[in-house]
There are 2 protein chains.
Amino acid sequence: MTGSPFAALVDWGTSNFRLWIVNAEGGVLAERQSDDGMGRLERDRFGPVLESHLQALAAPAGLAAVVAGMAGARSGWLEAPYVETPAPLDGLYRDAVTPEYSSRRVFILPGVCQRIAGAEDVMRGEETQLSGAVASGLQNGLFCLPGTHSKWADVRDGAVSRFTTAMTGELFQLLSRQSILRLSVPEDARADAEHAAFAAGVDEATDPHFSLTTRLFSIRAESLLGSADGTAAISRLSGLLIGAEVAAMNRRYMPEGEVHIIGTGALARLYTRALGLSGIRASALDGGELVRKGLFAAARALVSVA
Amino acid sequence: MTGSPFAALVDWGTSNFRLWIVNAEGGVLAERQSDDGMGRLERDRFGPVLESHLQALAAPAGLAAVVAGMAGARSGWLEAPYVETPAPLDGLYRDAVTPEYSSRRVFILPGVCQRIAGAEDVMRGEETQLSGAVASGLQNGLFCLPGTHSKWADVRDGAVSRFTTAMTGELFQLLSRQSILRLSVPEDARADAEHAAFAAGVDEATDPHFSLTTRLFSIRAESLLGSADGTAAISRLSGLLIGAEVAAMNRRYMPEGEVHIIGTGALARLYTRALGLSGIRASALDGGELVRKGLFAAARALVSVA
């Protein structure tokens, strides 16, 4: 890719830092990744860390940077207050904040919040992936972003209309590594989307009378009574958790047509399979590509008006 | 209390050891408690540890000991295989095992298992509390034993007919101390049975469409959006978890009349309140007294036939 550097785009999460330098068409001139996540940085370190990564890519001195993610949290570089739902995804840049910082112009994009009694929710970072999907032409659809805290977002006319966070990934980690169930799940065992125990877990979780907390211990009991191996146990745990999430979201959002999964790899395969078992079609989108597109759309607005 | 020592009764759990010396009528002559739980003992330490506690109470050399709990687990002193449901609670002593041990006769009582496909379950220790309830005249009833792994047992004609374990207590600990929710729950905050947020959580969890994993994160979001304090947050978490357990058990066992809660203190109060909010009457029984009664009933059978 050639052309002059137009902007630096930064996806700055809790545990990861990702940087692209792009030209005026959004083409990637250089990129860089590290584990300099927001979770390990004091407030006064964000500027110097950003500068060191930009210098490593020989970024010009005046190049503006647009940042999405946890760098904008209260305990990050500078708080970028949440935009409330319904949140137009092509207008996030209007609520960007600018830290006091002499080296170059930096814009931190806001997260999105939902202030509905009984459905309070927040996201920070995922909205920029969604804005990348909108910039790619997906103005309407149900999006599923699997992860530690999975997000499901109903996008209508280019705006986040409603969304829900599920603590599926974090519960999976806590249950498989720290609860009594760890004794039935070898550390090297991985949930397998094609295992019969995964499908059985999803199926069970789809029952209208399913109750997660009163079913989990059966994984331990099955292994004590000698009827399940480690891969079956962890696949069943994964199936119960992802199945419970899919069933709840299916009721809440009643997807027509397909669900857009943002993510690739093993986790996306588990979600695709769980959705398929529930009769819902799923397609997978690349989250890294989407966040870059979302950041670029914001950069075009911010760098031209600044 | 007077009379000759008839037997030593031991409730030997994962983290606690409790010992009573009783006379032939079950009256307590001496007692002792320590944190010498099964979880911290190598197999060859059980005998010496028991002996040291018996000596501290000046127990006679020939006194037989009857043990219930995790000392009979596979990784305990000697495995006492599970008795299958329906498990007559006045006959547990028939499956007691005797470790090779020269100092005195020791009987370890079995646990109970349920080998029903899709409802596999195990208990070890709780069955002796239940046998104490049966020995006290409660031949029929629904029992709730709150704890790290809560047990609900349907007792019919003095036998455990069906039972279910809920991982409520362990999930509460993991979520409040180790998940993202810990940031919204101060370490010194305690769930309050009388707090409106507890009742609201129970109420929410009783909804037929309730889904735990997709509602937990709202506790974090509420505190980020400034609408909940620490006591409200932990009371709501407790209400959601206990409410989900009560709702599932209410569907599964459809209690007629009252539920017998085995336990006292703050946890029993939370369960009593959650049951009350669901229209179910609850009474509280003392678990320490019940396990002693159950051990004594077994001792009478074992020591007279031995």
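The values are calculated or read from the model by the stated rules, or taken from the named source; none is laboratory data. These numbers were taken from a predicted model, which means no experiment stands behind them. Reconstructed Cβ throughout: ideal geometry from the backbone, glycine too, with neighbour counts over all protein chains shown.
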note = The one condition B:PHE46 fails out of (1) free of Cβ contacts under 8 Å to residues at least 24 places away in the same chain; (2) crowded, with 16+ Cβ neighbours inside 10 Å is (1)
The range B:208-228, subset more than 7 Å from chain A (Cβ to nearest Cβ), part of a helix (DSSP H, G or I) and not hydrophobic (A, V, I, L, M, F, W, C), residue nearest to B:SER179 (Cα to Cα) = B:ARG220
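Yes or no, residue by residue, for (1) at pLDDT 95 or above; (2) out of contact with any strand residue (DSSP E or B) (no Cβ under 7 Å at 6 or more places or on another chain); (3) hydrophobic (A, V, I, L, M, F, W, C):
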{"position": "B:VAL202", "(1), (2), (3)": "yes, yes, yes"}
{"position": "B:SER223", "(1), (2), (3)": "no, yes, no"}
{"position": "B:THR231", "(1), (2), (3)": "no, yes, no"}
{"position": "B:THR264", "(1), (2), (3)": "no, no, no"}
{"position": "B:LEU270", "(1), (2), (3)": "yes, yes, yes"}
{"position": "B:ALA274", "(1), (2), (3)": "yes, yes, yes"}
{"position": "B:LEU285", "(1), (2), (3)": "yes, no, yes"}
key: Within the range B:111-145, considering residues that are over 23 Å from B:GLU79 (Cβ atoms) and among the polar types (S, T, N, Q), the one nearest to the other protein chains (Cβ to nearest Cβ)   = B:ASN140
ask   = Of the residues that make up the range B:169-180, is at least one away from chain A (no Cβ under 14 Å), touching a residue at least 40 places away in the same chain (Cβ under 8 Å) and under 22 Å from the mean Cα position of the chain (by Cα)?
value = no
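Could you check the range A:15-113 for strands (runs of 3 or more DSSP E) lying wholly inside it with 3 or more residues that are within 22 Å of the chain's Cα centre (by Cα)?
Values: elements: A:17-22, A:28-34, A:65-68, A:106-108.
Fully inside the range A:15-113 and qualifying: A:17-22, A:28-34, A:65-68.
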Pair list, Cβ < 8 Å and 6+ apart or interchain, from the range B:67-79 residues that are under 21 Å from B:ALA301 (Cα atoms) to residues that are of a type in the set (Asp, Glu) and in a loop (DSSP other than H, G, I, E, B) = B:GLY72/B:GLU79
query = within 30 Å of B:PRO88 (Cβ to Cβ), in contact with a helix residue (DSSP H, G or I) (Cβ under 9 Å, 6 or more places away or on another chain) and free of Cβ contacts under 8 Å to residues at least 40 places away in the same chain: does that describe B:ARG251?
reply = no
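Which of the residues that make up the range B:1-20 are over 21 Å from B:PRO110 (Cα atoms) and aliphatic (A, V, I, L, M)?
If we filter the range B:1-20 for residues that are over 21 Å from B:PRO110 (Cα atoms), which is where we start, we get B:1-6.
Passing the criteria: only B:MET1.
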ask   = Identify, please: which residue in the range A:253-276 is part of a helix (DSSP H, G or I) and in contact with a Phe, Trp or Tyr (Cβ under 9 Å, 6 or more places away or on another chain) and is, among those, surrounded by the most Cβ atoms within 10 Å (Cβ to Cβ)?
value = A:ALA274
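Does B:GLU100 meet the test of being within 14 Å of chain A (Cβ to nearest Cβ), without any contact (Cβ under 8 Å) to a residue 24 or more places away in the chain and not small (Gly, Ala, Ser)? Please lay out each step first, then the result.
Numbers: within 14 Å of chain A (Cβ to nearest Cβ): no; without any contact (Cβ under 8 Å) to a residue 24 or more places away in the chain: yes; not small (Gly, Ala, Ser): yes.
So B:GLU100 fails the test.
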request  = Filter the range B:142-162 for residues that are touching a residue at least 60 places away in the same chain (Cβ under 8 Å), closer than 14 Å to B:ILE262 by Cα and among the hydroxyl-bearing types (Ser, Thr, Tyr) and give the result.
outcome  = B:SER150
ask   = Got a sec? Which of B:ALA153, B:ALA64, B:ALA71 is surrounded by 21 or more Cβ atoms within 10 Å (Cβ to Cβ), among the aliphatic types (A, V, I, L, M) and away from chain A (no Cβ under 14 Å)?
value = B:ALA71
query = All but one of (1) within 14 Å of chain B (Cβ to nearest Cβ); (2) touching a Pro at 6+ places or on another chain (Cβ under 7 Å); (3) within 23 Å of A:ASN140 (Cβ to Cβ) hold for A:LEU92; which doesn't?
reply = (1)
key: Which numbered condition A:VAL303 misses (of (1) at pLDDT 95 or above; (2) assigned to a helix (DSSP H, G or I))   = (1)
task = Could you please let me know if B:THR231 is buried (at least 18 other Cβ atoms within 10 Å of the Cβ), out of contact with any helix residue (DSSP H, G or I) (no Cβ under 7 Å at 6 or more places or on another chain) and assigned to a helix (DSSP H, G or I)?
result = yes
query = On the given criteria, is A:ARG236 at pLDDT below 95 and either in a helix (DSSP H, G or I) or touching a His at 6+ places or on another chain (Cβ under 8 Å) (or both)?
reply = no
ask   = So B:ASP188 fits all but one of (1) among the acidic types (Asp, Glu); (2) touching a residue at least 12 places away in the same chain (Cβ under 8 Å); (3) more than 9 Å from every other protein chain (Cβ to nearest Cβ); what number is the exception?
value = (2)
inquiry  = Being of a type in the set (Gly, Ala, Ser) and over 18 Å from the mean Cα position of the chain (by Cα) is the filter here; which residues of the range B:275-306 pass it?
reply    = B:GLY276, B:SER278, B:GLY279, B:ALA297, B:ALA298, B:ALA299, B:ALA301, B:SER304, B:ALA306
Candidates A:THR231, A:THR272, A:THR165 - the one that is within 11 Å of chain B (Cβ to nearest Cβ) and touching a residue at least 24 places away in the same chain (Cβ under 8 Å) = A:THR165
ask   = Going by the conditions given, is B:ALA205 at the interface with chain A (Cβ under 10 Å from one of its Cβ atoms) and buried (at least 17 other Cβ atoms within 10 Å of the Cβ)?
value = yes
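For the range B:256-265, check the following and say yes or no: at least one residue is touching a residue at least 12 places away in the same chain (Cβ under 8 Å) and within 14 Å of chain A (Cβ to nearest Cβ).
Step one: filter the range B:256-265 for residues touching a residue at least 12 places away in the same chain (Cβ under 8 Å), giving B:257-264.
Those still in the list that are within 14 Å of chain A (Cβ to nearest Cβ) too: none.
No, every residue in the range B:256-265 fails to be touching a residue at least 12 places away in the same chain (Cβ under 8 Å) and within 14 Å of chain A (Cβ to nearest Cβ).
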request  = Just give me the residues in the range B:234-252 being away from every other protein chain (no Cβ under 13 Å) and either hydrophobic (A, V, I, L, M, F, W, C) or surrounded by fewer than 21 Cβ atoms within 10 Å (Cβ to Cβ) (or both), in sequence order.
outcome  = B:ILE234
key: Test: B:ALA117 is modelled with pLDDT under 95, among the hydrophobic types (A, V, I, L, M, F, W, C) and surrounded by fewer than 23 Cβ atoms within 10 Å (Cβ to Cβ)   = yes
